[in-house]
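One structure is given here, and the rest of the page talks about it.
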Amino acid sequence: MFTKQIYRFRNESHTMKEWAEKSGISIQVLSHRWKKGLRGKALLEKPIPNKIPVSYNIFVEYKLEAKAKPETHTLKEWAEITGISKESLALRYANGDRDEVLFRRKSFHKQR
């Protein structure tokens, strides 16, 4: 769908793959945004978070597995453990996400 079609934004025309390279936004994210109906600036520019996290040193208790004991780590430490960026965790935490929602691996791939 995105490989050959040309998209125009701010007097520039590129394929979606070229826009992904130019913007630094992955093709998966652009595809997800496109399917949600976002166009222009909303599609091609990285959003500025509306809440700025205060600290990556906030302690959070969580069980990685159902039968495991809860562990307490800072958001920075959880980022290293889970592979989710500390910025994503801090922004989710600032937005009120907790437990499974805080640590959910988000996927933009189409479900089959």
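Going by the structure shown, is K67 of a type outside the set (A, V, I, L, M), farther than 19 Å from R104 by Cβ and either modelled with pLDDT of 85 or more or not in a helix (DSSP H, G or I) (or both)? Talk me through it step by step, then tell me what you get.
On the way: of a type outside the set (A, V, I, L, M): yes; farther than 19 Å from R104 by Cβ: yes; either modelled with pLDDT of 85 or more or not in a helix (DSSP H, G or I) (or both): yes.
Judged against the criteria, K67 is a match.
For residues in the stretch 73-83 being closer than 16 Å to S55 by Cα and touching a residue at least 12 places away in the same chain (Cβ under 8 Å), which is surrounded by the most Cβ atoms within 10 Å (Cβ to Cβ)? Spell out the reasoning first.
Going through the stretch 73-83, the residues closer than 16 Å to S55 by Cα turn out to be 73-80.
Adding the requirement that they be touching a residue at least 12 places away in the same chain (Cβ under 8 Å) leaves 73-76, 78-79.
Working: H73: 16, T74: 16, L75: 23, K76: 15, W78: 25, A79: 18.
The extreme case among them is W78.
The values are calculated or read from the model by the stated rules, or taken from the named source; none is laboratory data. Quick caveat: nothing in here was measured; it's all calculated off a predicted structure. Ideal geometry is used to build each Cβ from the backbone, glycine not excepted, and the neighbour counts take in all protein chains shown.
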